[in-house]
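Undergrad: This is the structure I want to talk about, given as structure tokens.
Laboratory data are not the source of any read-out in this text; all were calculated from the coordinates shown. Since the structure is predicted, the reported quantities are computational estimates derived from the model, not experimental observations. Don't worry about glycine lacking a Cβ; one is built from the backbone with ideal geometry, like all the others, and counts go over all protein chains shown.
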Amino acid sequence: MIKACLFPAAGYGTRFLPATKAMPKEMLPILTKPLIQYGVEEAMEAGCNIMSIITGRGKRAITDHFDISYELEHQIQGSDKEKMLADIRHIIDKCTFTYTRQNEMKGLGDAIYKGRVLVGEANPFAVVLADDLCVNSKGDGILKQMVKLYEKYKCCVVACMEVPTAEVNKYGVIEGNKIEDGVYMVSNMVEKPDIDKAPSNLAVIGRYILTPDIFSVIKETKPGKNGELQITDALCTQAQKGMVIAYKFKGTRFDCGSVDGFVEATNYFYDLEKKKNKK
Ligand code: UTP
């Protein structure tokens, strides 16, 4: 039922300068695969086949990545290297990619609102922030876990995880009641709260299932923290009507928008690859 996945990818990625001066943050590779390809693969596993990407200036490499490169493919045809493009060819064959630009960086809420023309207003859709790289080595990917939960509750679902109290000011933080193991009915959400004012240490990470009524809510939402249109504020309005659940996902999330998280993810996937090659 959830076929479309939105990838807001218009941000400047300033924490990765100078690497991101001319290259999109979403194209930074973990081993040989760009971050956004990991996100697209997670969305495919969850059942999506429409990948809608919010781009901006300097992000053309994303569009090129999800397209055929005839010259290159011709060059390596018949060689050992051909298999290195097998996964991306499979993605291109199975999915439709749509794009629109966010002309001004007015915040994640605004980026998602721009996605309205791509995902439409008839069906729920997923949102993946590709710089949050999520893996679950023991079963379903994070987005697939969330889609299953959506099918049960039919409302917005946000992925959350416990973070140290000293770090709550980096995230959107939820307040809610536990309704089943790892699932909370959200009553309040605050974007980057002061450490002493945070309602909990349950932080929202970059995976969402949104119902299309979110668009009319975003439209009515005023700019919040840092003068940006925050998706947290729009979701808070929904939460106050009992329409948002938070899910403590099974798996690991790497904050690849930060250098530390990026290096951790690289080491994790490198070790995984080494183990695979030993077998
Ligand atoms: P971040 O704040 O992590 O991304 O936004 P950033 O601004 O690119 O990174 P830094 O902080 O300068 O290093 C989270 C996600 O939301 C998208 C970003 O591309 C990223 O995937 N985003 C954010 C937009 O698409 N548009 C915006 O206006 C803001």
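Undergrad: Take the stretch 148-176 and flag every residue that is of a type in the set (A, V, I, L, M, F, W, C) and crowded, with 22+ Cβ neighbours inside 10 Å. So that I can check it myself, show each step before the final result.
TA: Of the stretch 148-176, the ones of a type in the set (A, V, I, L, M, F, W, C) are 149, 155-161, 163, 166, 168, 173-174.
Result: 156, 157, 158, 159, 160, 168, 173, 174.
Undergrad: Assess whether residue 104 counts as being assigned to a loop (DSSP other than H, G, I, E, B), within 25 Å of residue 255 (Cα to Cα) and acidic (Asp, Glu).
TA: So residue 104 fits the description; yes.
Undergrad: For the stretch 191-215: of the residues being over 19 Å from residue 120 (Cβ atoms) and part of a helix (DSSP H, G or I), which is farthest from the ligand (Cβ to nearest atom)? Before the answer, list the steps.
TA: The first filter runs over the stretch 191-215 and keeps only residues over 19 Å from residue 120 (Cβ atoms), leaving 191-207.
Retained after the next criterion (residues that are part of a helix (DSSP H, G or I)): 195-197.
Details: 195: 19, 196: 23, 197: 21 Å.
In this case the residue turns out to be 196.
Undergrad: Additional query: Identify, by number, the condition in (1) without any contact (Cβ under 8 Å) to a residue 24 or more places away in the chain; (2) in contact with a Phe, Trp or Tyr (Cβ under 6 Å, 6 or more places away or on another chain); (3) of a type in the set (Phe, Trp, Tyr) that residue 70 doesn't meet.
TA: (2)
Undergrad: Taking the condition of being within 16 Å of the ligand (Cβ to nearest atom) and under 24 Å from residue 270 (Cβ atoms), how many residues in the stretch 126-142 meet it? Before you say what the answer is, go through the steps one by one.
TA: Applying the first criterion (within 16 Å of the ligand (Cβ to nearest atom)) to the stretch 126-142 yields 126-134, 142.
Still in the running and under 24 Å from residue 270 (Cβ atoms): 128-134, 142.
Counting residues in the stretch 126-142 that are within 16 Å of the ligand (Cβ to nearest atom) and under 24 Å from residue 270 (Cβ atoms) gives 8.
Undergrad: Just give me the residues in the stretch 9-46 being crowded, with 20+ Cβ neighbours inside 10 Å, part of a loop (DSSP other than H, G, I, E, B) and more than 8 Å from the ligand (Cβ to nearest atom), in sequence order.
TA: 24, 28, 46 - these are the residues of the stretch 9-46 that are crowded, with 20+ Cβ neighbours inside 10 Å, part of a loop (DSSP other than H, G, I, E, B) and more than 8 Å from the ligand (Cβ to nearest atom).
Undergrad: Scan the stretch 47-59 and give yes if some residue there is surrounded by fewer than 13 Cβ atoms within 10 Å (Cβ to Cβ) and either under 25 Å from residue 262 (Cα atoms) or out of contact with any helix residue (DSSP H, G or I) (no Cβ under 9 Å at 6 or more places or on another chain) (or both), otherwise no.
TA: yes
Undergrad: Name the residue that is surrounded by the fewest Cβ atoms within 10 Å (Cβ to Cβ), counting only residues in the stretch 216-258 that are in a helix (DSSP H, G or I), of a type in the set (A, V, I, L, M, F, W, C) and within 16 Å of the ligand (Cβ to nearest atom). Talk me through it step by step, then tell me what you get.
TA: Going through the stretch 216-258, the residues in a helix (DSSP H, G or I) turn out to be 216-220, 225-227, 231-239.
Narrowing the set further to residues that are of a type in the set (A, V, I, L, M, F, W, C) leaves 217-218, 231, 234-236, 239.
Going one step further and asking which of them are within 16 Å of the ligand (Cβ to nearest atom), we end up with 218, 231, 234-235.
On the way: 218: 24, 231: 29, 234: 26, 235: 28.
My answer is 218.
Undergrad: Given 175, 167, which one is over 15 Å from the mean Cα position of the chain (by Cα) and under 25 Å from residue 268 (Cβ atoms)? I'd like the intermediate steps shown before the answer.
TA: Working: 175 fails: under 25 Å from residue 268 (Cβ atoms).
Within the list 175, 167, the selection yields 167.
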